[in-house]
Amino acid sequence: MPQFIKRLFNKFPSWLQWQKIPSDVNQKERYFIIAIIILMVASLMGWLISRNLKNTIIAPNYGGSFTEGIVGSPIYINPVLSQANDSDRDVSELIFSGLLKYNIKGELIPDLAEKYNIGENGKVYEFLLRKDIKWHDGKPFTADDVIFAINIIQNPDFRSPLRVNWVGVETEKIDDYTIRFKLKNAYAPFLANTTVGIIAKHVWEKISPDSFSFVPENLEPVGTGPYKFKKAEKDKDGFISHIELAAFGDYGSDRRPFIEKINLNFYPNEESAIKAYNRGKINNLNLFSIQSKTLLKGQTRSNIYKLNLPRYFAVFFNQTKSKPLSDKTVRTALNYATNKKQIIDEVLDGEGKQVDSPIPDGVKYHSDDIKIYDFAQEHANNILEAAGWKDIDNDGIREKDGEKLEIELITTELKELQQVANLLSEQWVKIGAKTNVKPMEIGVIQQEYIRPREYQALLFGEVLGLDPDPYSFWHSSQKKDPGLNLALYNNKKIDDLLSAARQILEPNLRAAKYKEFQQLIIDDAPVVFLYSSYNLYLAAKKIKGITVENIVLPSKRFADIEDWYIKTQRVKK
């Protein structure tokens, strides 16, 4: 034992003796003292750290930023006008709020509203608004803003694409924080309309309909959403190339997001956005085409989220423009001859789900208890042969009554859909059906083919709501433009089912109507349902808390943006 320790045990040293210890001990004793002190400090630190870890958990903290690349340039950062432009919708989603919003599972929950009540069998909706909401400029949010925004949407002079959702709806202010909507007829999916972003009355009330689309307020938005507009930059051509957003709300509130700043960089096309990602100029990117995933580099720095969208791609048959397609046996055979798994594997690299009905799996009211067309090429050949469709001249194409089994298939120039069309052509020729694929620009298809319904078969996509209303896609009243009944389908029983189902609020009764609707469509085979592809979202690994699963539109990938975080802290359990 060192001598100075022995002396300590013989007699406790005085203060003066303590001061002399450094000079009274030898080098070996000095090292011993230092080691003891280090051990004591380390033990204390270890105990404190262990105690802290035991009694605390890691939690999100405020701070951090990320940069997202968006394809396109904003024109109207205004939810009344933004529905036709993906980049407008993306930015509006971050800046504006609706009465209700979608959660991570695609369910409707209150946002600006505190709660709501439904009365008179679905004809009256009353909303109680939150009283703690402020606009980004500090002004209070009230019922007047909601009434004003809906009136703007309903007024045809303002040319809002949302007007069709609000025709015939009466709005009434009960008090400063209570509003009432009255519908002429019950409409079960009405609540989805109330997710529209509300614009501020004090910002827009003096702006006339003629100038509504042109004023600077469309690009200098004031909302109530989780992020507020800070600044924008334009390129040499005058298009917005960058927008900076800042978190809005009081610290600790349920509306203030953890991430303090979002930078949005805008690119003319997906290719240039992918190049920016590959160079590390952006952290996050939403992919329009699943095939673009192969062009990405450095994916290890990102998480890829597969989000479910209520959309599907299908081949719609116009029986009025093709004699072979007016034969139900031909349409049925084409369904049996379609290998959907091959399409998903080879074209989508497996990033999709098979679709077999007009309400896809993952969408509310989809039924698994229905008959579908499994891939059965031999059966397809057999039923065609039995129906008199034979290859008489041995050219590989069947014919009947002098009519060749030949189809013209229109689709867009999108690489994915061209590949799908070519693969369908290869599959269908194996049952003696020749398919002439004609890809063309989307604008030409819409104006020269879809609007006048001048096509035999159309490979196209349709987007439903998470609470679907298939009325506009399959009711006979929607066969002509601007209706979306692309198969020109006409069935009185289907009409009755769709008209009744959209007015039923009771889920089980509504589900029964839609189950019957799905089976009737499948049995009549006016379409070949193909697949639903995932929406792929790349986000930097530093961003935590992204849990969204189901989205009604790509912009809804920000549904849980308030819960995303980069910084962390330890808090008591």
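Okay, here's what the table says:
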| item | result |
| --- | --- |
| PHE473 being closer than 29 Å to GLN503 by Cα, assigned to a strand (DSSP E or B) and among the aromatic types (Phe, Trp, Tyr) | no |
| The range 441-470, residues that are in a helix (DSSP H, G or I), among the hydrophobic types (A, V, I, L, M, F, W, C) and open to solvent by less than 30 Å² (accessible area, probe 1.4 Å) | ILE445, ILE450 |
| LYS182, sole failed condition from (1) in contact (Cβ under 8 Å) with a residue 12 or more places away in the chain; (2) out of contact with any helix residue (DSSP H, G or I) (no Cβ under 9 Å at 6 or more places or on another chain); (3) open to solvent by 70 Å² or more (accessible area, probe 1.4 Å); (4) closer than 30 Å to PRO470 by Cα | (2) |
| Hits in the range 153-170 (condition: out of contact with any Pro (no Cβ under 6 Å at 6 or more places or on another chain) and more than 10 Å from LEU81 (Cβ to Cβ)) | GLN154, ASN155, PRO156, ARG163, VAL164, ASN165, TRP166, VAL167, GLY168, VAL169, GLU170 |
| Those residues of the range 100-143 which are among the hydrophobic types (A, V, I, L, M, F, W, C) and open to solvent by 70 Å² or more (accessible area, probe 1.4 Å), in sequence order | ILE118 |
| Number of positions in the range 80-114 that are assigned to a helix (DSSP H, G or I), of a type in the set (A, V, I, L, M) and over 25 Å from ASN155 (Cβ atoms) | 1 |
| VAL315 modelled with pLDDT of 95 or more, in a strand (DSSP E or B) and surrounded by 21 or more Cβ atoms within 10 Å (Cβ to Cβ) | yes |
| Residues located in the range 515-573, provided they are of a type in the set (Val, Ile, Thr) and under 15 Å from the mean Cα position of the chain (by Cα) | ILE546, THR547, VAL548, ILE551, VAL552, ILE561 |
| Matching residues in the range 45-71 - criterion: being at pLDDT below 90 and either under 21 Å from LYS261 (Cβ atoms) or not β-branched (Val, Ile, Thr) (or both) | MET45, GLY46, TRP47, LEU48, SER50, ARG51, ASN52, LEU53, LYS54, ASN55 |
| Subset tally (residues that are open to solvent by 40 Å² or more (accessible area, probe 1.4 Å) and touching a residue at least 60 places away in the same chain (Cβ under 8 Å)) for the range 318-328 | 5 |
| Close pairs from the range 232-243: first more than 15 Å from TYR76 (Cβ to Cβ), partner at pLDDT 95 or above and surrounded by fewer than 13 Cβ atoms within 10 Å (Cβ to Cβ), Cβ under 8 Å, at least 6 apart | SER241/GLU233; HIS242/GLU233 |
| Residue in the range 338-355 that is farthest from ASN381 (Cα to Cα), counting only those that are in contact with a Leu (Cβ under 9 Å, 6 or more places away or on another chain) and of a type in the set (A, V, I, L, M) | VAL347 |
| Search result, residues across the range 460-491 that are basic (Lys, Arg) and in contact with a helix residue (DSSP H, G or I) (Cβ under 9 Å, 6 or more places away or on another chain) | none |
| Filtered residue count, the range 509-535, keeping only those that are modelled with pLDDT under 95 and surrounded by fewer than 20 Cβ atoms within 10 Å (Cβ to Cβ) | 1 |
| Residues that are touching a helix residue (DSSP H, G or I) at 6+ places or on another chain (Cβ under 7 Å), under 29 Å from TYR365 (Cβ atoms), open to solvent by 40 Å² or more (accessible area, probe 1.4 Å) and not in a loop (DSSP other than H, G, I, E, B), drawn from the range 144-170 | GLN154, ARG163, ASN165 |
| Residue satisfying all of: in the range 228-256; farther than 20 Å from PHE141 by Cα and touching a helix residue (DSSP H, G or I) at 6+ places or on another chain (Cβ under 8 Å); most open to solvent (accessible area, probe 1.4 Å) among these | ALA232 |
| Some residue of the range 275-284 being touching an Asp or Glu at 6+ places or on another chain (Cβ under 9 Å) and under 28 Å from ILE199 (Cα atoms) | yes |
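The values are calculated or read from the model by the stated rules, or taken from the named source; none is laboratory data. Owing to the predicted nature of the structure, the values given are computational and were not obtained by experimental measurement. Positions of Cβ are backbone-derived with ideal geometry, glycine not excepted, and every protein chain shown enters the neighbour counts. Accessible surface areas use protein heavy atoms only, side chains included; no ligands, DNA or RNA. Shrake-Rupley method; radii C 1.70, N 1.55, O 1.52, S 1.80 Å.
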